[in-house]
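Notes for the one structure printed next.
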Amino acid sequence: MADGLIKSSRKTPTKFDNGYEPTFDSDGTPTCLGWKIEDVADWVEFLGFPQYRACFRENLINGRKLITVDASSLPRMGVTDFEHIKVIAKKVREALGIEEPYWNRSISLLHRESLGLFLEKKSNTGVEADLLTFQDYKRYLQKQEPSKNNKR
């Protein structure tokens, strides 16, 4: 397996028994958004961290909530080893298809990548977030761009 990942020692088959590569729907959204809590726990175990399986289950992390998991939230969930935090946060970004945060980014620049912004909106609960599609969000961003340029 890639990157030294280990196969789960569980007897129950999971969707990760044959490996895992991030996949995306035809509109560009990550398929992991549809994962259930148990799928996320299986994935964390597949990554080589069976000790954190319960952390993700107890915090009810499903595919949509995986969007909110980053290096700053993992310690609150019970993941405290810094090297583990770095690996898990990186794998979450890869699964979601988002770029690594650039902390020195100027606020005068236009918004970040559209997928990252979409996922932030999609991480919310409710009918509006459920109905939001990546294509609709990209159209919304395109409408916002000209209005920002006209204010100069």
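Accessible surface comparison of Arg57, Arg64, probe 1.4 Å, protein chains only, largest first: the order is Arg57, Arg64.
Extending 7 Å from Cα along the Cβ direction at Arg76 and again at Glu58 yields two label points whose distance is 1.6 nm.
Largest to smallest in accessible area, the residues Tyr140, Tyr20 fall in the order Tyr140, Tyr20 (1.4 Å probe, all protein chains included). Remark: the Cα gyration tensor places the range 31-144 in the oblate category, a/c being 1.5 or greater and a/b not exceeding b/c. Going by accessible surface with a 1.4 Å probe and the largest first, Ile88, Ile98 read Ile98, Ile88. Protection proxy ranking for 74-85, 38-49, using the average of other Cβ atoms within 10 Å per residue and placing the highest first: 38-49, 74-85.
The values are calculated or read from the model by the stated rules, or taken from the named source; none is laboratory data. Here the structure is a predicted model, which is why all the values come from computation and not from measurement. Using ideal geometry, Cβ is built from the backbone for each residue, glycine included, and neighbour counts are taken over all protein chains shown. Heads up: the accessible areas ignore ligands, DNA and RNA and are worked out on the full protein's heavy atoms, side chains in. Shrake-Rupley method; radii C 1.70, N 1.55, O 1.52, S 1.80 Å.
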